[in-house]
Amino acid sequence: MDDLNALLEPGDLVRHPQREDWGLGQVQSNIGGRITVNFEHAGKVVIDSRRIALLPVRGA
């Protein structure tokens, strides 16, 4: 799962595939398979990229 997540960089917009209620998220950091994302309705969340493949959002 981390292949696509490895391409995420700070500033990229993403959505969590199982938590649509969190809204749009902005990647804050991506270090060693741990991605910190600031979501609209959930705040700052650290994602384990081995378990969750975030969905990139283009042109939002």
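Considering only region 28-54, state which residues are surrounded by 13 or more Cβ atoms within 10 Å (Cβ to Cβ) and of a type in the set (A, V, I, L, M).
Scanning region 28-54 gives I35, V37, A42, V45, I47, I52, A53, L54.
I need a count of the residues in region 4-45 that are acidic (D, E) and within 12 Å of L55 (Cα to Cα).
Looking only at that region, the number is 2.
What number of residues within region 24-60 are out of contact with any Lys or Arg (no Cβ under 8 Å at 6 or more places or on another chain) and among the small types (G, A, S)?
Count: 6.
Values quoted throughout were computed directly from the atomic coordinates according to the rules given, and no laboratory measurement underlies them. What you see is a predicted model; the values in this text were computed from it and never measured. Cβ atoms come from the backbone with ideal geometry, glycine included; neighbour counts cover every protein chain shown.
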